[in-house]
Amino acid sequence: MKFLRKTLRIFGVFLLLIMVGCSVLKNIQDRKAEKNDFKEEKKEFAEKNIVLKSNTIFVEGKKLHYVQTGVDNAPTLLFIHGSPGNWKAFSEYLSDKELIKKYRLISIDRPGFGGSGYGDAMTVLNQCKLISLLIKTVNNNNKIIVIGHSLGGPIVAKLAEDNSKILSGIVVVSGSVSAELEGEESWRTLINNPILRFILPTEMSVSNDEIRYFKKEVSEIANSVKDVKIPICVIHGDKDPLVPVGNAYFIQKENPDFTTLHIIKEANHFIPWTKKAFLIETITRFTDSLSVAN
């Protein structure tokens, strides 16, 4: 019995140290995220002779941060990251030598991440409202193509429905848009436990929150797919373990007249990083085929 009590005390102390360590690391990460100065990133871009512009607008009292490279009056590629994430998910695209000659490249921090109200999760539908206002703000009367990966996929689908007079087209990469294919994921409720939220990185808690919200919104977003009246480019891997490839076929089925489908054999969920060359080529061909929205 004494041995058991001693073992439990040691285990308790060990667990406490782990929790304290995680909390300290979390606070360091939070301070760095909230500082939002991007000195290292700006230096990396400058070494490539690329100016990385950082901008923050206030929409309905909320911060929305984005970065920009490329040609100001050129067609715009607007990148929207998945969950969790931030604008850096597409940093390789913003620094691509060929893309910056031809496009204005914008990558945002979605609400709750990076410089856009870090730590405050927001429903996907409310995010769409803020990003729609950003689209109006950056409109340069040229083509605007919105590209969304993973959870960014359903966001761009909704944006297409709401901004058909401004957007020229959208690209859905590994996006989850089918309500029927969205699982319950009851384990997300466990992650919402106060003790776990205390030690988990803030962006993980935000991600868990927004995905839980999304589970309740996905039916409305799925219904909006058939109402999109601008070209849709869908790119998905047939070996995606996180978002079933059936989501891509769902978009094609719901909106066959406006959808072009690209299924990449043996590709997983992380296409923006594992299939960069293919993605750039496909986006470029898709963009060249579009006209400026009325």
Under Karplus coefficients 6.51, -1.76 and 1.60, residue-wise ³J(HN,Hα) of the stretch 234-247 in Hz, glycine/proline x
10, 10, 8, x, 7, 10, 6, x, 9, 10, x, 4, x, 4
Below 10 angstrom from the Cβ of GLY70, what's the summed charge of the other residues (Lys, Arg +1; Asp, Glu -1)?
+2
So with the 1.4 Å probe, I'd like the accessible area per residue for the stretch 123-177, rounded to whole Å².
25
So, in Å, what gap is there between the alpha-carbon centers of the stretch 124-184 and the stretch 221-250?
12
What residue among PHE90, SER164, HIS149 has its Cα farthest toward the positive end of the dipole of the stretch 35-173, where the charges are +1 on Lys, Arg and -1 on Asp, Glu, each on the Cβ?
SER164
About the Cα centre, and with charges only on the beta carbon of Lys, Arg (+1) and Asp, Glu (-1), how big is the dipole of the stretch 161-294? Nearest 20 debye, please.
240
For the stretch 160-294, the Debye formula with one identical point scatterer on each Cα and no solvent gives log10 I(q)/I(0) at q = 0.15 Å⁻¹ as -0.83
Mind listing the long-range amide H neighbours of ARG104? Cut-off is under 5 Å, sequence gap 5 or more, other chains count too, H placed in the peptide plane at 1.01 Å from N.
VAL71, ALA74, THR76, LEU77
Can you tell me how the stretch 234-276 classifies by the Cα gyration tensor, rounded, prolate or oblate, using a/c under 1.5 as the rounded cut?
prolate
Assuming R0 = 45 Å, can you tell me the calculated FRET efficiency for the pair ASN141 and SER219, based on Cβ-Cβ distance, to the nearest 0.05?
0.80
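The values are calculated or read from the model by the stated rules, or taken from the named source; none is laboratory data. Keep in mind that what you see is a predicted model, and the values were worked out from it rather than measured. With ideal geometry, Cβ positions are generated from the backbone for all residues, glycine too; neighbour counts draw on all protein chains shown. In case anyone asks, the SASA skips ligands and DNA or RNA and just uses the protein heavy atoms, side chains included. Shrake-Rupley method; radii C 1.70, N 1.55, O 1.52, S 1.80 Å.
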